[in-house]
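Accompanying notes for the structure given below.
The values are calculated or read from the model by the stated rules, or taken from the named source; none is laboratory data. This one's a predicted model, so the numbers in the text were calculated from it and none came from an experiment. Note: ideal-geometry Cβ built from the backbone for every residue, glycine included; neighbour counts use all protein chains shown. We work out accessible area using only protein heavy atoms, side chains counted, and drop any ligands, DNA or RNA first. Shrake-Rupley method; radii C 1.70, N 1.55, O 1.52, S 1.80 Å.
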Amino acid sequence: MIAVNEPLLNGNEKRNLIECIETGWISSEGPFVKQFEEKFSKKVERKYGIAVANGSAALDIACAAIGLKKGDEVIMPTFTIISCAAAIVRTGAIPVVVDCFPDTWNMDVTAIESKITKNTKAIMVVHIYGITTDMDPIIAIAGKYNLKIIEDAAEMHGQTYKGKPCGSFGDISTFSFYPNKHITTGEGGMVLTDDEALAEKCRSLRNLCFQAKRRFVHEEIGWNYRFTNLQAALGLAQLERIDEFVSIKRKMGKLYTELLKDVENIQLPIAQTDYCRNIYWVYGIVLGKEIPFDADEAMKRLGEMKIGTRPFFWNMHEQPVFLKAGLFKKEKYPVSENIARRGFYVPSGLALTEEQIYEVAGVVKKVLKF
Ligand SMILES: Cc1ncc(COP(=O)(O)O)c(C=O)c1O
């Protein structure tokens, strides 16, 4: 089986992990955590980074830290992972969704303004699959209506929008370091901001809102979303290679596109927009309407030929859990609905070899013949 995602761990990861074991620093108190926070924040051009247990935890903390509360509304893309909407809902706020653009699969920024009400407090931007969201219109709308921006840059390590790092735009931004990301810490995430008070709030929320004055006395409820020295050991080694990893992914994307560009009736990821170049977090394929089967069938056929795949995200407005709660009644977002049903991605990990890319592309061509 060609795995859908396999990380590269052949730098200083082992050396750093051995150091953790030899020194006994394995908890969140270890010295690598701070080093990783400082180095990653510098890369993203932010003042403060708060490393946390995973990218979903980072979103929980970000939404709580900016003070979302019952009845507030947050505008976000419907086409994303549940972590984004779940973090909003957990604060008592309401996710309000928009469709995505058919070429970038990122939120349709022209649909945001009409969704603003007196309850709107924030826009949650989620950069999708390697191309960034178009930030300028969002920054303009947020300024006009005094809204906060939460920037989910989970998939965007090493990516830039108009030359500025992803993760540097939101009032608060988040990353994930799951093993399918450009750099990994096993599980892991980070919240970033330039606001000192907000950073302090995030640190407190990460650590159960323990107080300096008297431990075990709490004014607020937080989480244990701490990040360990073992995770940071991996992260520091991975971060040394972030630019190399971005270029490996770009080479992978370029080769897949060269090999698949002549296949009829499929949509491939775009290589660039006028504000960013794709970093190919994953290499997605969307089946055209002429193909008489959907992504599930294509993935089944690819699996039978030993090619690992994953489906695209399932939209927030189609999630049973939210429909049961009375959200998104009768809402329709045709672009997102189409790509959720007809999109999937092929092996895209950093350890993928050139021969494997040729093999995957060959099988995709065979499987998509009808
Ligand atoms: C856009 C986005 N946000 C959040 C997450 C959640 O990150 P994690 O899996 O680390 O909780 C992911 C995970 O892939 C993601 O793609």
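Scan region 43-70 and report the pairs whose first residue is among the acidic types (D, E) and modelled with pLDDT of 95 or more and whose second residue is assigned to a helix (DSSP H, G or I) and within 16 Å of the ligand (Cβ to nearest atom), with Cβ atoms within less than 6 Å and a gap of 6+ or a chain change.
So the pair list comes out as D60/A87.
Of the residues in region 170-206, how many are within 11 Å of L59 (Cα to Cα), outside any strand (DSSP E or B) and within 12 Å of the ligand (Cβ to nearest atom)?
0
Which one is farthest from the chain's Cα centre (by Cα) among residues in region 16-57 that are away from the ligand (no atom under 16 Å from the Cβ), of a type in the set (S, T, N, Q) and part of a loop (DSSP other than H, G, I, E, B)?
That would be S27.
If you check G55, G49, G30, which single one turns out to be surrounded by 16 or more Cβ atoms within 10 Å (Cβ to Cβ) and either among the aliphatic types (A, V, I, L, M) or touching an Asp or Glu at 6+ places or on another chain (Cβ under 6 Å) (or both)?
Just one listed residue meets the conditions, G49.
What are the residues in region 58-86 that are open to solvent by 10 Å² or more (accessible area, probe 1.4 Å), within 15 Å of the ligand (Cβ to nearest atom) and hydrophobic (A, V, I, L, M, F, W, C), if any?
The answer is I81, I82, A86.
So which of I285, I279 ends up being open to solvent by less than 50 Å² (accessible area, probe 1.4 Å) and part of a loop (DSSP other than H, G, I, E, B)? Even if it seems obvious, please write down each step before you answer.
Details: I285 fails: part of a loop (DSSP other than H, G, I, E, B).
Of I285, I279, the one residue that is open to solvent by less than 50 Å² (accessible area, probe 1.4 Å) and part of a loop (DSSP other than H, G, I, E, B) is I279.
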